[in-house]
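Visitor: Sharing a structure below in structure tokens format, with a few things to ask.
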């Protein structure tokens, strides 16, 4: 503090003696766990990138803190027939360089977003199969070959860039700031990778503006260092507060803790496609017909898991037990599914009914650096299963090794493991996302079941999901998605454990709209009055 | 001398080549970068596009050959994650790491040698014993723990120093350095001390052992008999003779200081190469890992060469041997 005091004293003297310097600017310093891999909004479809891209570049539709659709650069949208959607664009919006925003910028975005060279994960998924047509400067029509109800959700995912500044611009031009000119609430100032990322307020923004003149982002990967930086006053706000520190920070009078349930469910996927599952064995290690194919065994596993204990002990209370794929409040969630109550007796009798009164041997595989407390959850699950006779071994590994093996480590690129712990965050904010990727039958040619690591397959679920994805009527789609979830969960296509809770912490007096999509939208940080 | 250097250079090239092979094959055995890069909602077609774009569909030997050919042209590949040349990303962060390492080395030498020599000259005093037990702590306490404790005490509780990051920088010959600003120093001192702690203990122990040995030598006794001032005996005759092992070890350790400042950089969020490499390893950003290890190998090779040359400057016997051979 002495040094800093000395330094600020110098700054004050300088400010007094130099009549040209302005009044002290109001800065906000934010410590984030992850920094973006690029400033180019279309380069990498990754949570930290998207969270910061939306500050500089607006989207047609902006997700609010609960992932609900809110007007962005489009003021309204509607399906004018089964195949075409009409978007009315906001008038009078200007890019940071003063040029006006028009339909041409949207068309330009559609051309660039799926085609960024070397993109490690592009936005093609949301753009391809859509034809865009300019009606006038502020009206566009987007059409698809088949009815496509998720059009507004897709328009919520990618940033609109400027045709004038983006033509011919490379990812490097965005990183240097040359092309990082959007319509967003913050203007890009500079990026020193690994050190800081600086934004300033866009005073001409069409929507709500933050009170800060500048927002400075510091990447602090190490969790204790991030907490220490907040306690030491070096940063005003941090994300990803480690669960282990939450108890302590609650008692700290200088700190304001914020949290929100996230759209990420932690679940167990179960081998559903092999008669001979490599990590499910008879007692003593002999061969056995894959017992996980029996619905009663899967149900027994689900009943044997004490979700309350996991939430209380492993997650330190910072999680919410799950009974389906998304927490209530999200679109497509079933009102009938509740988290299963812990019932070891019921589990044992189900095992007995399945002809396995003495259980069997199983290995649970889990990453150890991907989800909050992932390895500890796997250990807890293994202990609970061992209590009903399923002798469960635990094998954890870094995510860099885990995901390849879990997705395609076996022969013919099939999933290698029998019983895996994974998490899923619904990027579109509704239930078709996990249903389509986790529970629909694996179908490479149509892009279904891409993360179905248990290869669960149920024609009834497939039919309901596909029907939902072709139903534009909201009420009907909601019912179809809820029904599909019910069928899959009752059949134990996967076992939901809990929903993660995201935590943020700030200096007392600083507040934030806690979000469900695990991203930190720094322009929504405000000082409580 | 020049024959010696040429021979060493040729050996170095061989070492670099072998290392490139081991490193490249090694990182290609672990996991699949695509899983780290891709958004989980992407479909199978998009996953395959990424695999193709990154060249991961090619067999490993073909990838290695591409790498070697490009490396000859000075191109060590593009980062999977950042999409920019790996070499550029590493060089961009090098000044921060070098600054930290030099500062740590400076602290280790300026604090370590005087303490070690003092302990060697007065082996039985209480102060010496305290220094020596202190050096054992410096050896055995894990760096990340000491770093966190320093943050707790000096940043959180006392509030004297900032806890994280690099301070204000000023350009010197186009390179951004922070040790010329007050704010820069306030950010630099804790991580530098943290990084220096282990080396400092090493220097203390080396110079104490050296001093204990040298003070009993005949030439020191002779110098004392001649009536040379005590301070001159210590500063010139003792110092010169204990420097050889200290320089050897520090030379080797300096490479380590740069290459493995990972822990300190992570704890203090120092924007250097160490932080880059650890994140590259976790995310399987293979080009960065390979480029980083190649640079590290080069660094070690060069440092060893410099140390060998320094020897011959410090110790005339080495020079004589070289001439004879």
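The values are calculated or read from the model by the stated rules, or taken from the named source; none is laboratory data. What you are looking at is a predicted structure, and each value in this text was computed from that prediction instead of being measured. Glycine gets a Cβ as well: all are built from the backbone with ideal geometry, and neighbour counts include every protein chain shown.
Visitor: Looking at residue B:60, is it within 20 Å of residue B:299 (Cα to Cα), more than 8 Å from every other protein chain (Cβ to nearest Cβ) and in contact with a helix residue (DSSP H, G or I) (Cβ under 9 Å, 6 or more places away or on another chain)? Talk me through it step by step, then tell me what you get.
Guide: Numbers: within 20 Å of residue B:299 (Cα to Cα): no; more than 8 Å from every other protein chain (Cβ to nearest Cβ): yes; in contact with a helix residue (DSSP H, G or I) (Cβ under 9 Å, 6 or more places away or on another chain): yes.
Here the answer is no, as residue B:60 does not meet what is asked.
Visitor: Run residue A:89 past the list (1) surrounded by fewer than 19 Cβ atoms within 10 Å (Cβ to Cβ); (2) at pLDDT 90 or above and report the number of the one that doesn't hold.
Guide: With (1) surrounded by fewer than 19 Cβ atoms within 10 Å (Cβ to Cβ); (2) at pLDDT 90 or above applied to residue A:89, the lone miss is (1).
Visitor: Here's another thing I want to ask about it. Considering only residues of segment B:151-179 that are part of a helix (DSSP H, G or I) and either facing chain A (nearest Cβ under 10 Å) or modelled with pLDDT under 85 (or both), which is nearest to residue B:235 (Cα to Cα)? Walk me through how you get there before you give the answer.
Guide: Pass one, segment B:151-179, residues part of a helix (DSSP H, G or I): B:151-157.
From what's left, either facing chain A (nearest Cβ under 10 Å) or modelled with pLDDT under 85 (or both): B:151-152, B:154-157.
Working: B:151: 37, B:152: 39, B:154: 35, B:155: 38, B:156: 41, B:157: 41 Å.
Result: B:154.
Visitor: List the strands (runs of 3 or more DSSP E) inside segment A:307-415, counting only whole elements, that have at least 2 residues being more than 14 Å from chain B (Cβ to nearest Cβ) and within 19 Å of residue A:242 (Cα to Cα).
Guide: Working: elements: A:319-321, A:361-367, A:391-397.
Because the criterion is at least 2 residues that are more than 14 Å from chain B (Cβ to nearest Cβ) and within 19 Å of residue A:242 (Cα to Cα), the strands (runs of 3 or more DSSP E) in segment A:307-415 that meet it are A:319-321.
Visitor: Go through segment A:40-54 and count every residue that is crowded, with 24+ Cβ neighbours inside 10 Å, touching a helix residue (DSSP H, G or I) at 6+ places or on another chain (Cβ under 9 Å) and more than 9 Å from every other protein chain (Cβ to nearest Cβ).
Guide: 4
Visitor: Would you point out the residue of segment A:418-448, among those that are part of a loop (DSSP other than H, G, I, E, B) and either within 15 Å of the chain's Cα centre (by Cα) or surrounded by 24 or more Cβ atoms within 10 Å (Cβ to Cβ) (or both), that is farthest from the other protein chains (Cβ to nearest Cβ)?
Guide: Filtering segment A:418-448 down to residues part of a loop (DSSP other than H, G, I, E, B) leaves A:418, A:426-429, A:431, A:440-442, A:444-447.
Restricting the remaining residues to those that are either within 15 Å of the chain's Cα centre (by Cα) or surrounded by 24 or more Cβ atoms within 10 Å (Cβ to Cβ) (or both) gives A:426-429, A:431, A:440.
Numbers: A:426: 9, A:427: 5, A:428: 8, A:429: 12, A:431: 13, A:440: 11 Å.
Among those residues, the one meeting the criterion is A:431.
Yes/no per residue for (1) within 23 Å of residue B:283 (Cβ to Cβ); (2) in contact (Cβ under 8 Å) with a residue 60 or more places away in the chain; (3) more than 14 Å from every other protein chain (Cβ to nearest Cβ):
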site	(1), (2), (3)
B:32	yes, yes, no
B:43	yes, no, no
B:47	yes, no, no
B:64	yes, no, yes
B:71	yes, yes, yes
B:74	no, no, yes
B:84	yes, no, no
B:90	yes, yes, no
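Visitor: Would a scan of segment B:240-250 turn up a residue that is outside any helix (DSSP H, G or I), surrounded by 18 or more Cβ atoms within 10 Å (Cβ to Cβ) and modelled with pLDDT of 80 or more? Steps first, answer last, please.
Guide: Taking segment B:240-250 first, the residues outside any helix (DSSP H, G or I) are none.
No, segment B:240-250 contains no residue that is outside any helix (DSSP H, G or I), surrounded by 18 or more Cβ atoms within 10 Å (Cβ to Cβ) and modelled with pLDDT of 80 or more.
Visitor: Continuing with the same structure: Residues B:233, B:258: which one is in a helix (DSSP H, G or I), more than 14 Å from every other protein chain (Cβ to nearest Cβ) and touching a residue at least 60 places away in the same chain (Cβ under 8 Å)?
Guide: Values: B:233 fails: touching a residue at least 60 places away in the same chain (Cβ under 8 Å).
Residue meeting the stated conditions: B:258.
Visitor: Being out of contact with any strand residue (DSSP E or B) (no Cβ under 8 Å at 6 or more places or on another chain), under 30 Å from residue B:175 (Cβ atoms), modelled with pLDDT of 85 or more and within 12 Å of chain A (Cβ to nearest Cβ) is the requirement here; does residue B:19 meet it?
Guide: On the way: out of contact with any strand residue (DSSP E or B) (no Cβ under 8 Å at 6 or more places or on another chain): yes; under 30 Å from residue B:175 (Cβ atoms): yes; modelled with pLDDT of 85 or more: yes; within 12 Å of chain A (Cβ to nearest Cβ): no.
Criteria not met by residue B:19.
Visitor: I'd like to check something: does segment A:91-105 contain any residue that is closer than 30 Å to residue B:53 by Cα and more than 20 Å from the chain's Cα centre (by Cα)? Give the steps one after another, and end with the answer.
Guide: Looking only at segment A:91-105, we keep the residues that are closer than 30 Å to residue B:53 by Cα, and these are A:104-105.
Then drop every residue that is not more than 20 Å from the chain's Cα centre (by Cα), which leaves A:104-105.
Scanning segment A:91-105 turns up at least one residue that is closer than 30 Å to residue B:53 by Cα and more than 20 Å from the chain's Cα centre (by Cα).
Visitor: Since residue A:172 meets every condition but one in (1) part of a loop (DSSP other than H, G, I, E, B); (2) without any contact (Cβ under 8 Å) to a residue 24 or more places away in the chain; (3) within 14 Å of chain B (Cβ to nearest Cβ), which condition does it not meet?
Guide: Single failed check for residue A:172: (1).
Visitor: Taking segment A:119-157 as the region of interest, how many residues are part of a loop (DSSP other than H, G, I, E, B), in contact with a helix residue (DSSP H, G or I) (Cβ under 7 Å, 6 or more places away or on another chain) and over 23 Å from residue A:477 (Cα atoms)?
Guide: Total satisfying the criteria: 5.
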